[in-house]
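My questions will all concern the structure given below.
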Amino acid sequence: MTTWPLPRHPCETGAHDQIPDLGQLEGAHLLANEARPFLSGCGFSNRQILEWALCYIAEEGSGDVDSFVAWIHDCEATIAN
């Protein structure tokens, strides 16, 4: 990962404010836990990390930390333009 995402909430970037299916909640929490060291270092709060993970899993279904962070970048790029 070459650049750090900015610590925003998903709703600030236009990311879909969806909640994953019940079966996907555990995956969102696991992804948030895996991404927490990196995203905390970028200034994200625990709540922001979980909110992003919930939106990501609801939209994408699954993924790894690198894909998750890239998705956050993509969402943030939409408000930069």
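Restricting the search to the stretch 43-66, which residues are more than 18 Å from Leu25 (Cα to Cα) and surrounded by fewer than 17 Cβ atoms within 10 Å (Cβ to Cβ)? Write out each step before concluding.
The initial filter retains those residues of the stretch 43-66 that are more than 18 Å from Leu25 (Cα to Cα), namely 43-45, 66.
Passing the criteria: Gly43, Ser45, Asp66.
Looking at Ile79, Ile57, which one is assigned to a helix (DSSP H, G or I), touching a Leu at 6+ places or on another chain (Cβ under 8 Å), of a type in the set (A, V, I, L, M, F, W, C) and at pLDDT below 95?
It is Ile57.
The values are calculated or read from the model by the stated rules, or taken from the named source; none is laboratory data. For clarity, every value in this text was computed on a predicted model and none was experimentally measured. Cβ atoms come from the backbone with ideal geometry, glycine included; neighbour counts cover every protein chain shown.
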